[in-house]
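**Q** Take a look at this one; I'll ask things after.
Please treat every number below as a calculation from the coordinates, not as lab data. Owing to the predicted nature of the structure, the values given are computational and were not obtained by experimental measurement. So basically every Cβ, Gly included, is an ideal-geometry build from the backbone, and we count neighbours across all protein chains shown.
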Amino acid sequence: MEILGIDYSINSPGLVKFELDKDLNIISQDYRGFTQSKKFESKKILYFKKDQFKCNIDQTLWIHSQLFSNFLHGVIDYVAFEGYAFGISKNGRVFDIAEACGNLKWRIYTFGSLMRIYDPNSIKMFATSHGLSKKEEMEVAYEQQSDKIDLSFLPMVSENKNGNPKDNIIDAWWIAKLLLTELRLRRGLVMLKDLSEDAIKIFNRVTKSNPTNILATDFLDVSKIV
């Protein structure tokens, strides 16, 4: 089984993929990031110049083509995205983000992957116990994990280096881990009572926009469309 966590942005989306065994243990991890700073380019972090594209649409199509040709091979069993946050962008850029992210969701969804969208506060709480945590706090919590991907070749998020894709890759890792925890709960491999108090809150949490908790909400599944 393969599962995927995605933290989407226009210029530097982060994706983390887990390969799992039959007991939902992680066999391998892989990731992709994007940067406009040549110094951060690597085999898994793809470099591009924004002025090589005529418009945002061209850039989005290029990014997606790189993902589907070099990273997303076949159907990913489960995919989780971070939901949109209020105040996500200024000057109308939120619409550009929504268009680009929506295109990726559509492609993954129609391929047959089961999809989940987690709200930003739940992801942050899962990682740090604080639903309003900042990128730096997400990184600190990440560095404490024994099964993390080695991103030590990238600067610390707190250094605010332009073009550093580390924060989005880390967020994608946490999204994948939250998805993995949900799948283990649904399989009965872990019990809700055995999770941390914060994790229990996440899976029981309801809001006006999401009046049903996560475990009582089906995954988005294109095969169930009538």
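**Q** Any idea which of S209, S223 is of a type in the set (S, T, N, Q) and under 18 Å from G83 (Cβ atoms)?
**A** Unique residue meeting the criteria: S209.
**Q** Now, a different point. Return the only residue of N168, N164 being touching a residue at least 40 places away in the same chain (Cβ under 8 Å), assigned to a loop (DSSP other than H, G, I, E, B) and either surrounded by 15 or more Cβ atoms within 10 Å (Cβ to Cβ) or hydroxyl-bearing (S, T, Y) (or both).
**A** Working: N168 fails: assigned to a loop (DSSP other than H, G, I, E, B).
Matching residue, one of N168, N164: N164.
**Q** Exactly one of these conditions fails for T217: (1) under 21 Å from I117 (Cα atoms); (2) touching a helix residue (DSSP H, G or I) at 6+ places or on another chain (Cβ under 8 Å). Give me its number.
**A** Checking T217 against (1) under 21 Å from I117 (Cα atoms); (2) touching a helix residue (DSSP H, G or I) at 6+ places or on another chain (Cβ under 8 Å), the one that fails is (2).
**Q** Looking at F111, F126, F95, F153 in this structure, which one is over 22 Å from G83 (Cβ atoms) and aromatic (F, W, Y)?
**A** Numbers: F111 fails: over 22 Å from G83 (Cβ atoms); F126 fails: over 22 Å from G83 (Cβ atoms); F95 fails: over 22 Å from G83 (Cβ atoms).
Only one candidate passes the filter, namely F153.
**Q** Please specify each residue of the range 26-72 satisfying the condition of being among the charged types (D, E, K, R) and either loosely packed, with under 12 Cβ neighbours inside 10 Å or over 21 Å from the mean Cα position of the chain (by Cα) (or both).
**A** Restricting attention to the range 26-72, the residues satisfying the condition of being among the charged types (D, E, K, R) are 30, 32, 38-39, 41, 43-44, 49-51, 54, 58.
Selection gives K38, K39, K43, K49, K50, D51, K54, D58.
**Q** Going by the structure shown, is L104 in a strand (DSSP E or B), aliphatic (A, V, I, L, M) and farther than 23 Å from S133 by Cα? Walk me through how you get there before you give the answer.
**A** Values: in a strand (DSSP E or B): no; aliphatic (A, V, I, L, M): yes; farther than 23 Å from S133 by Cα: yes.
No; evaluated as a whole, the condition is false for this residue.
**Q** Something else about it: Evaluate the range 147-158: report whether one residue or more is in a helix (DSSP H, G or I) and free of Cβ contacts under 8 Å to residues at least 40 places away in the same chain. Lay out the reasoning, then the answer.
**A** First pass over the range 147-158, keeping only residues in a helix (DSSP H, G or I): 157-158.
Checking the rest, the ones that are also free of Cβ contacts under 8 Å to residues at least 40 places away in the same chain come to 157-158.
Scanning the range 147-158, I find at least one residue that is in a helix (DSSP H, G or I) and free of Cβ contacts under 8 Å to residues at least 40 places away in the same chain, so the answer is yes.
**Q** Tell me, which residue of the range 116-146 that is among the acidic types (D, E) and part of a helix (DSSP H, G or I) is surrounded by the most Cβ atoms within 10 Å (Cβ to Cβ)? First the steps, then the outcome.
**A** Keep residues of the range 116-146 that are among the acidic types (D, E), which gives 119, 136-137, 139, 143.
Okay, now just the ones that are also part of a helix (DSSP H, G or I), so 136-137, 139, 143.
Details: E136: 14, E137: 17, E139: 20, E143: 12.
Selected residue: E139.
**Q** Name, by its number, the condition in (1) within 24 Å of E2 (Cβ to Cβ); (2) within 17 Å of the chain's Cα centre (by Cα); (3) assigned to a helix (DSSP H, G or I) that does not hold for T110.
**A** Looking at each condition in turn, T110 falls short on (2).
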